Amino acid sequence: HFSFPDFDSYLVQVSLSATFTIIEQSSSSVGSSATYTATNLQCDATYYFRVATKVRLVQSSFSSVSASTVLVGVPPIQPLGTGYDFANLTWSSVPAATSYEYEFSTFANFSNILASGNVTVASGAPLAINLEQLSNVTNYCARVRAFVRQCPSAHSSTVCGTTIAVPPPSNVAVQRIEIDFVTLSWTLPVEPVDEVIVTVSFSADIESQK
């Protein structure tokens, strides 16, 4: 914002160079008080602004050059939640963000992206992603970045977590033995399970006899 009395107009110039060798934007504003909004700027770039006043055909020298950096805030991220076969990623909002991009990987350096996608703020979707059908007892890492229109932020910090091992049945016991069959019993884990696998072998080395 700038204001001087008794002037007819202002000349505003915007550049990526402190010496204004290339003028990115230039605009004249009529009146003794004015504001100027620079739009369609490059992402994460430093811009320089200068203003001159004009009285009819006479122009002043330019005002002192000021600089402003355009940055998108990095989303604060929560620790990665994990279960037997899923990982849950949650993050907090960034002012003016229009969407968020998330990534999952089994590598902390994200050399191989397992899953990625976008969450649009306008859709009202929660700032969370639940990735399912994952491998058991496997380490997964996740990160997210914000977008303000086409401008991305830096990636958030990386959060990692390991999916939980499925507990085995307990109290396995032989309940009944007959000539050609055996009845077994066991106690299921506290967590509900979808399936119990029973393996029968002639050898104590069951793995080799499956």
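The values are calculated or read from the model by the stated rules, or taken from the named source; none is laboratory data. Note that the coordinates shown come from a computational prediction; the quantities given were computed from them, not determined experimentally. Methodologically, a virtual Cβ is constructed for each residue, glycine included, from the backbone with ideal geometry; neighbour enumeration extends over all protein chains shown. Just so you know, the surface numbers come from the protein's heavy atoms only, side chains and all, with ligands and any DNA or RNA stripped out. Shrake-Rupley method; radii C 1.70, N 1.55, O 1.52, S 1.80 Å.
Among what's in the stretch 114-138 and is farther than 18 Å from T82 by Cα and of a type in the set (S, T, Y), pick the residue that is modelled with the lowest pLDDT. Here the answer is S123.
What is the residue count in the stretch 108-134 for residues that are among the small types (G, A, S) and in contact with a Ser or Thr (Cβ under 8 Å, 6 or more places away or on another chain)?
4
Scanning the stretch 163-204 for residues that are assigned to a loop (DSSP other than H, G, I, E, B) and among the β-branched types (V, I, T) gives T163, I164, V166, I179, V190, V193, V196, I197, V198, T199, V200.
Scanning the stretch 89-119 for residues that are in a strand (DSSP E or B) and of a type in the set (A, V, I, L, M), which turns out nearest to T158 (Cα to Cα)?
Ranking the qualifying residues of the stretch 89-119, first place goes to L89.
For the stretch 68-77, check the following and say yes or no: at least one residue is more than 25 Å from I164 (Cβ to Cβ) and loosely packed, with under 11 Cβ neighbours inside 10 Å. Scanning the stretch 68-77 turns up at least one residue that is more than 25 Å from I164 (Cβ to Cβ) and loosely packed, with under 11 Cβ neighbours inside 10 Å. The residue list L127, L57, L131 contains one member that is without any contact (Cβ under 8 Å) to a residue 24 or more places away in the chain, farther than 12 Å from V159 by Cβ and of a type outside the set (S, T, N, Q), which is L57.
Which one is nearest to P75 (Cα to Cα), of the residues in the stretch 118-136 that are surrounded by 12 or more Cβ atoms within 10 Å (Cβ to Cβ) and hydrophobic (A, V, I, L, M, F, W, C)? Only one residue fits best here, namely L127.
You will find that of E103, E24, the residue that is within 13 Å of the chain's Cα centre (by Cα) and surrounded by 13 or more Cβ atoms within 10 Å (Cβ to Cβ) is E103 and no other. If you go through the stretch 40-54 and pick out every residue that is touching a residue at least 60 places away in the same chain (Cβ under 8 Å) and either in contact with a Cys (Cβ under 6 Å, 6 or more places away or on another chain) or open to solvent by less than 60 Å² (accessible area, probe 1.4 Å) (or both), you end up with 1.
The set of residues in the stretch 131-159 that are among the small types (G, A, S) and more than 15 Å from F107 (Cβ to Cβ) comprises A146, S153, A154, S156, S157.
When A154, A146, A173, A115 are screened for being touching a strand residue (DSSP E or B) at 6+ places or on another chain (Cβ under 9 Å), surrounded by fewer than 16 Cβ atoms within 10 Å (Cβ to Cβ), closer than 20 Å to V72 by Cβ and not polar (S, T, N, Q), only A154 passes.
Residue under question is S201, and the condition is that it be under 26 Å from L80 (Cβ atoms), modelled with pLDDT under 95 and open to solvent by less than 60 Å² (accessible area, probe 1.4 Å); does it hold? Answer is no for this residue.
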